[in-house]
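Nothing in this text is a laboratory measurement; each read-out follows from the coordinates by a stated rule. Please read all numbers here as calculations on a predicted model, not as lab measurements. All Cβ positions, even for glycine, are placed from backbone atoms using ideal geometry, and neighbour counts span all protein chains on display.
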Amino acid sequence: MFRKIILYLILFFSLNFQNLIADEKKNIIQKLININSIKFNFEQKTNEDIENGICYLKFQNKLKCVYDDNKKKEMIINKKSLVIFQKRYNKKYFYPVSKSMFKQILNREELISLVKTSKIEFRNDEINLINYDNKQNKIVILFDKQNYDFLGWRILDQFNNKITFLIEILSVNELIDDKIFKIPE
């Protein structure tokens, strides 16, 4: 009899935990569906280097980040192109978005798919959604546990670079002119 009670309790708590996970993911997805654009401050940590600035994200597939550095660096993603532009030196570095993790983060449908298929962990006030791409690069997408706000991401790439990109949302669904995502010539 005691074994049946223990088994029942384990099953009960396991099912409730699974429902909690499904509800958390559903709430995150609903929040993402209602977002068209985000303006945010960021802190980017790559291994030991820390950079800061402001970004403008617009679904689908548009991002512009202006770094607070002496090179006047900007990162611009517009659909399939990723450009790192150092205004001070007038240098441009072009990369395909398809080879970066941004492809999954900046496309709402792919981000929602990532949320659905990720393993979930709860840490302090964060929900961490953990996933691996086809090259076994680890990506952890961060959301606030209370209001499901997007908090950023952590990536461990194939070269063992640890990249943490934390965001502080300034505004949501503010009109953002597409001109700011124009790739410099």
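Only sites in a loop by DSSP and with at most 10 other Cβ atoms within 10 Å count here; which trypsin sites (Lys or Arg not before Pro) in segment 112-158 make the cut? Sites meeting the loop and neighbour criteria: 135.
Determine the shape class of segment 61-129: with a ≥ b ≥ c the square roots of the Cα gyration tensor eigenvalues, call it rounded for a/c under 1.5, and otherwise prolate if a/b is greater than b/c, oblate otherwise. The shape class here is oblate. Distance distribution note for the chain: the fraction of Cα pairs above 22 angstrom is 51%.
If the only charges are +1 at each Lys and Arg Cβ and -1 at each Asp and Glu Cβ, what is the size of the charge dipole of segment 90-169 around the Cα centre, to the nearest 20 debye?
Numbers: 13 positive and 10 negative charges, 91 e Å.
Once rounded to the nearest 20, the dipole reads 440 debye.
Is segment 51-91 rounded, prolate or oblate when judged by the Cα gyration tensor, a ≥ b ≥ c being the square roots of its eigenvalues, rounded requiring a/c under 1.5 and prolate requiring a/b larger than b/c? Oblate shape, in that a/c is at least 1.5 and b/c is the bigger or equal ratio. Here is the list for segment 77-185: chymotrypsin sites (Phe, Trp or Tyr not before Pro) lying in DSSP coil, each with at most 13 other C-beta atoms within 10 angstrom of its C-beta, are 89, 159.
Of all lysines in the structure, those lying under 22 Å Cα to Cα from residue 119, and not within fewer than 8 positions of it along the same chain, are 25, 26, 31, 103, 135, 138, 145, 162.
Taking N as the number of residues in segment 115-185, what value does Rg over Cα atoms divided by 2.2 N^0.38 Å take? Mind showing how you got there, number by number?
Values: Rg = 15.0 Å, N = 71, 2.2 N^0.38 = 11.1 Å.
My calculation over the Cα atoms of segment 115-185 gives 1.35.
Quick one: angle between helix 108-117 and the longest Cα principal axis of the chain, in degrees between 0 and 90, rounded to 10, please. So the inclination is approximately 30 degrees.
Based only on Cα atoms, what Rg/Rh ratio does segment 23-72 have, Rh being taken as Kirkwood's radius? Reported Rg/Rh, Kirkwood definition of Rh: 1.11. The aspartates and glutamates whose alpha-carbon is closer than 14 Å to the alpha-carbon of residue 92, local same-chain residues fewer than 8 away aside, are 74, 185.
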